[in-house]
1. If each residue of separation counts as 0.36 nm, what is the full-extension length gain between Asp372 and Trp40 once their alpha-carbon separation is subtracted?
2. Is the C-alpha gyration tensor of the chain telling us rounded, prolate or oblate? Criteria: a/c under 1.5 is rounded; beyond that, a/b larger than b/c is prolate, otherwise oblate.
3. Compute the acute angle (0 to 90°) between the alpha-carbon long axis of helix 328-338 and the principal axis of greatest extent of the alpha-carbon atoms of the chain; round to the nearest 10°.
4. Mind checking the per residue accessible area of the chain for me, 1.4 Å probe, whole number of Å²?
5. Loop-only check: which trypsin sites (Lys or Arg not before Pro) in the range 614-673 are DSSP coil with at most 12 other Cβ within 10 angstrom?
6. Highest first, please rank the peptides 88-98, 414-424, 223-233 by the mean number of other Cβ atoms sitting within 10 Å of their residues.
7. List the residues of the range 478-503 whose backbone N lies under 20 Å from a point placed 7 Å from the Cα of Arg432 along the Cα-to-Cβ direction.
8. First check a/c for the range 340-405, with a ≥ b ≥ c the square roots of the eigenvalues of its C-alpha gyration tensor; if it is under 1.5, answer rounded, and if not, answer prolate when a/b is larger than b/c or oblate otherwise.
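The values are calculated or read from the model by the stated rules, or taken from the named source; none is laboratory data. Nothing here was measured: the structure is a model prediction, and the numbers come from that model. Note that each Cβ is placed from the backbone with ideal geometry, even for glycine, and that neighbours are counted across all protein chains shown. Areas reflect the complete protein model, heavy atoms only, side chains present, ligands, DNA and RNA absent. Shrake-Rupley method; radii C 1.70, N 1.55, O 1.52, S 1.80 Å.
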Amino acid sequence: MGEDDRSRLCEFSARLRSDDPEVVLDALDDYLSAQAATRWGVDNPYTSLDSEVLFAARELLGRAPIGPGHVSALAVMWHLAEEEDADVIADVLDGTPDAEVRATALLAASTALTASEEPNRRLLALITAMVLDENLDAQTRKDAVQALEDLDLPEIEHLMVRLADSAEEELQVRAVSWLAAPLRLRVHRELVRRVVECWPEDAGGETGQHLRREVLDGFHSTYWTDTEPDDPALRKAHEELRFPSGDEVCLRAFATLLHSDDPVAVGIALDHFESSRGLTRVLKDRQQAEDYLPEVLCRAREVLRRPLPPAEVSALNLLRTQPPEHGDADLLLEVLSRTRSDAVRQEALWVVHGLLDGVKVRDERLVGAVRDLLAEPSVGFAVKETAIRVLADGLGADADPVLLRALRECEPRVQAHAAYFLVNTGGLDRHRAVLEDAADSWGDQPPSRPWGSNPIDLILGSPHSVHWKGHRLTDPDLARAHRRLRAPTMDDSYHEALRTLLNSGDPAAVGIALDHWWSPDGAVRRGGEQTREPEKALVADRVREILRQPPPPESRGTHRLESRYLSALSALDVLAADDPTLLAEIVRTAGNDHLRERVLDTVETVVANTGMVDRRFGEALGNIACDGGVPVRDRARALELLGDAGSDFVPLLLRATRCPEPAVQAAAAWGLLEVGAENHRGLVEKLIESWPVDDAPWEVTRVRDRFDPAGP
């Protein structure tokens, strides 16, 4: 433990021992915050002082009166309470009307009750009385039930049986959930079935749906849910396995199914053994299931040797969870050579995965069998996807020849998975040209996204761009330069590629280059802020050229700008603070309402960041404000920006007050007020008198409310 850690613990311990209850509460809250963070996998740094924390909580609870301030102490007991804390928790429950205190005390009670072999009878009686008290609200009664759910006592069982017929749905659902535990269900199946069958469709939410499946249906199987054995005796055994009345009955039914000649019955038995919802869940003595393992494995291998389709799927699913045995490779080769079922192939591949993964000497026959699946047209995509993973995981770089063949010859979705695993095994360095050709052949979108990854981005790098996503450069030199920008490395060739695109004259190539220059995921991610400097002047030239061109027509209903304008404007955002001349020029020449609006956004950002407006684009803003051909909203916004910039632009604000539009006048007047131009008070008063009273623009109302002495 470091010195800082020891110091923190000493300080925390001192707070726990403080005579000031508020200091103690703060310490307990710190403990609880640290405990809450453990759900993210972070250790509680105060765990070594758990005994001191619990002692402090006990001391705090001993100070009357009990009230909301004791919630933290009770929350600590929820985590740390011991048997001896039951009486003090009972005191809280017996005396508090506060809902939060009571709810937290019930959580603490659940910990104290389970901390001893013989639960505290007083606390148990208090909580039971709360459960049955119909004068309490449903939430409190439900919290009380929850405090008892971890106890397996006859009186709790009696209480839950009683609650199963409660008129309160939430209490009924919790009680039925408790009674529906596998071993309890043996006794209470008919009661639980009767209650569940009477529920409306939406009763109990997800819990209700789960109970319907577990109680009414039980666990049928993994692979045979739509099938039953033909023989009535086997169907009866299946029913006994799903709803056993005892361990002996259950195991006898299991053995009957396992050793039958009916493939469905055998498959069901193997599924019950393998599934966590099956045999081990319903047995009181789970060791009996474990004792069956050698017999079950022997039967699974018999199913594969005979063969006994379609039980092969269940047999393979079972074998994949167990260590391989001598002869399993021969067995799998036989299965893969004869089966025409993709379900069987899929499960067989996972068993092969276990045989190849981590072995010193691999069986090349298995490698060949998996490779052949990739070349077989009748094999489904899911099987080929698994085959690729099995080879990549088991062979690493040695799987390259097979994966490259799949990349060249298989359907595009399989190619995408082959590419994904080639990249994951370091194949991008070994086979870059082949992988890049494949990525180019897929066009704008990958044919598949293995585990959510875009294989095009994995191969070529990212981003493609921001405003030109999906656009492909047809010129080979430009495409090559774009590809270089997408690569994650940074050297002189990166800048050369950036200049190639910026000087190309191709609108898309220039736009892509601008996107890589301004985007944090582009040049900056590869080499830091300084990476922008060499091409900064060239970027500024391209931004001027683009934004001087005739503006794009407005798209109907969308008000979107062309990609070239968006790329240039995004670059302008980066350039603006250091290049006021450029920004002033763009403000002055903006010939489209939406382009102007977007440029004003940039000006606003610069003003907010620097607190000042350069004289050059200040004058451009003044010209916008007085231009009758510009929408009033943009003129008013330009004046707002001038008002934010300080007293240097008072003449421009005064000029705007002479415009005929009241909204523009009011925006200028507001700017004068913002810069404290008190010597123009008379002017503003005259303007106020001239403005309309009814249906006045909001700019007018705002100035009146602030300035007019007769106003509100």
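1. 115.1 nm
2. Here the chain falls in the oblate category.
3. 70
4. Heavy-atom SASA per residue in the chain reads 48 Å².
5. Those satisfying the criteria are Arg658.
6. 414-424, 88-98, 223-233
7. Answer for the range 478-503: 478-501.
8. Oblate, because a/c is 1.5 or more while a/b does not exceed b/c.
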